[in-house]
1. Exactly one of these conditions fails for C:Gly17: (1) of a type in the set (Gly, Ala, Ser); (2) surrounded by 22 or more Cβ atoms within 10 Å (Cβ to Cβ); (3) more than 16 Å from the chain's Cα centre (by Cα). Give me its number.
2. Please return the ranges of helices (runs of 4 or more DSSP H) entirely within segment A:130-244 where 1 or more residues are at pLDDT 95 or above and of a type in the set (Gly, Ala, Ser).
3. Checking the condition of a type in the set (D, E, K, R), over 19 Å from B:Ser84 (Cα atoms), in contact (Cβ under 8 Å) with a residue 12 or more places away in the chain and away from every other protein chain (no Cβ under 12 Å), which residue from A:Asp172, A:Asp242, A:Asp193 passes?
4. Going by the conditions given, is C:Phe71 in a helix (DSSP H, G or I), among the aromatic types (Phe, Trp, Tyr) and more than 9 Å from chain B (Cβ to nearest Cβ)?
5. Select, from B:Val103, B:Val33, B:Val95, the only residue that is under 14 Å from C:Val28 (Cα atoms) and more than 7 Å from chain C (Cβ to nearest Cβ).
6. Just to be sure before I move on: is A:Cys166 within 14 Å of chain C (Cβ to nearest Cβ), under 23 Å from A:Trp61 (Cα atoms) and in contact (Cβ under 8 Å) with a residue 24 or more places away in the chain in the structure I sent?
7. Hey, A:Pro104 hits all of (1) assigned by TED's automatic domain parsing to the domain that holds A:Ala29; (2) over 21 Å from the mean Cα position of the chain (by Cα) but one; which does it fall short on?
Amino acid sequence: MVESVSALERIIEIEVLRYRPEQEAAPVAQSYRVPFTDDMSVLQGLQYIKDHLDGTLSFRWSCRMAICGSCGMMINGKPQLSCQTFLREFYPGKLRIEALAHFPIERDLVVGVDDFIDKLASAKPWLIPREPRSLEQGEYLQTPRQLEQYEQFSSCINCLLCYAACPQYGLDSKFTGPGVLALLHRYNADSRDHGREQRMPLVNSLEGVWNCTAVGYCSEVCPKGVDPANAVNQNKVNSARDYFLRFLRPRAEGK
Amino acid sequence: MSARRPYMRPMNGWWRRDPFFVRYMVREATALVVALYAVVLLAGTLCLARGETSWNAWLALLRTPASILLHLLMLVAMIYHAYSWFEIMPKTLPVLFIGGRRVAGTTITRVGLIAAALATLVTLAVAWTLRP
Amino acid sequence: MKRSGQPVFWVLFGAGGMLAALFGPALVFITGIAVPLGVLLPQGFMNYSRMLSFAQHWAGKAFLLGAITLFIWHAAHRIFHSLHDLGIHTGVVARTLCYGGAGVVTLLAVWSLSAVGL
């Protein structure tokens, strides 16, 4: 296939870790030469490959604007959103793309995310009111200060970059993980919520916050500034408080 | 029958794959030095309990070039422990406000490092006043 | 969901880490470099009679016990987790070595500080 390359176009080499379970036992690298302009994202590079060079390449994407969380992948070893990463950053070097780390590869750049989806509900990610509330009572009132306690944690787009960054999740997928724990904290920190007690068993368990060793890479890679490391590690203090003070509290069961 | 065959990549050598992880492992490794220094303090205390001859032997050991070199290495590791400790400390704290403005993580780190510097000076000053 | 027993070790880890971060460098410098070399402080700073009085005084005992135990428990917790990071699976053996080791150091510290008398 002859590519017509204008004098103004540059070519970048993109090496993708392919995996087609029906034809290979293990992933294998495949290189493509992709003409690009300065405004092109890595996602657009992949789309070029699929449209012009190799229609068999599989990858997830949707919004192209870093809000849907679909296009997470390892770009030169770092978990990033391909729609928010630009080809010009890597030129003239080679770009190596791999499926998001710590997840099983289904095909090419598509990973199985069932583990994360299954864990979401375990955080009880909904407002649990102190007592049932009627419409006549009107809306909840919340100050900007109260909002600030949880707002950043509500920005999560479920892109799973933090899971790809977290070595503890990679070493033991029983760990609830940064994203779900950040979501859990989002609700605990919301002044409208009174469900902290119900969420504590998860927080207090080994699979909760105690698998975390404060590596902090999750917060480094988060495209939305959620700071999951803060959500998890703040809750180590809460969990420790719960552990030591549980006998002082009038509760039905001391577990 | 499904054609799916999900592939799990191995975790061996994970921490060598990124400088961020290498720094993390170095941070964790400082614990070995903290343990070693605890043992050094313990050894001294044990020698002290055994009497003057034992204590003087311990002092002589501390004066050897090997011991001085070891303590220099321990000093470097302790300083890195202090630095990395305050670097990660903001993550354990909730969203803080002072005078209506949100306290940044970097501020907390800076305050911690200043506290460490002050503690060092105070310790040295106290030792100085207690000199024979 | 089983409640983890980690909080106990984590609190010790935190206290020891904070103590080491604030006072570790100065202590290593004084006890291992300055005094042995007679730099900034004379070698006699740590002579037997001074050290004995220090260890016999309740404040000296508290200081030595605090430093030794908090440092060792801080290290035990971190080393235990690092073994897991290195793929050395955290069974009873790893737990015994790390936390058990710290326990031994603690007992020896208590013993020697009581052996020096008052």
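The values are calculated or read from the model by the stated rules, or taken from the named source; none is laboratory data. Since the model is a prediction, treat every value here as computed from it, not as a measurement. Using ideal geometry, Cβ is built from the backbone for each residue, glycine included, and neighbour counts are taken over all protein chains shown.
1. If we test C:Gly17 against (1) of a type in the set (Gly, Ala, Ser); (2) surrounded by 22 or more Cβ atoms within 10 Å (Cβ to Cβ); (3) more than 16 Å from the chain's Cα centre (by Cα), just (3) comes out false.
2. On the way: elements: A:144-148, A:161-165, A:167-171, A:178-188, A:196-204, A:217-221.
Correct list: A:161-165, A:167-171, A:178-188, A:217-221.
3. On the way: A:Asp172 fails: away from every other protein chain (no Cβ under 12 Å); A:Asp242 fails: away from every other protein chain (no Cβ under 12 Å).
When all the criteria are applied, what remains is A:Asp193.
4. Working: in a helix (DSSP H, G or I): yes; among the aromatic types (Phe, Trp, Tyr): yes; more than 9 Å from chain B (Cβ to nearest Cβ): no.
Against the criterion (in a helix (DSSP H, G or I), among the aromatic types (Phe, Trp, Tyr) and more than 9 Å from chain B (Cβ to nearest Cβ)), C:Phe71 does not qualify.
5. B:Val33
6. Details: within 14 Å of chain C (Cβ to nearest Cβ): yes; under 23 Å from A:Trp61 (Cα atoms): yes; in contact (Cβ under 8 Å) with a residue 24 or more places away in the chain: yes.
Criteria met by A:Cys166.
7. If we test A:Pro104 against (1) assigned by TED's automatic domain parsing to the domain that holds A:Ala29; (2) over 21 Å from the mean Cα position of the chain (by Cα), just (2) comes out false.
One line per residue, one yes/no per condition, for (1) of a type outside the set (Gly, Ala, Ser); (2) surrounded by 24 or more Cβ atoms within 10 Å (Cβ to Cβ); (3) under 19 Å from C:Gln6 (Cα atoms):
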site: A:Lys174; (1), (2), (3): yes, no, yes
site: A:Leu181; (1), (2), (3): yes, yes, yes
site: A:Ala189; (1), (2), (3): no, no, no
site: A:Gly195; (1), (2), (3): no, no, no
site: A:Val221; (1), (2), (3): yes, no, no
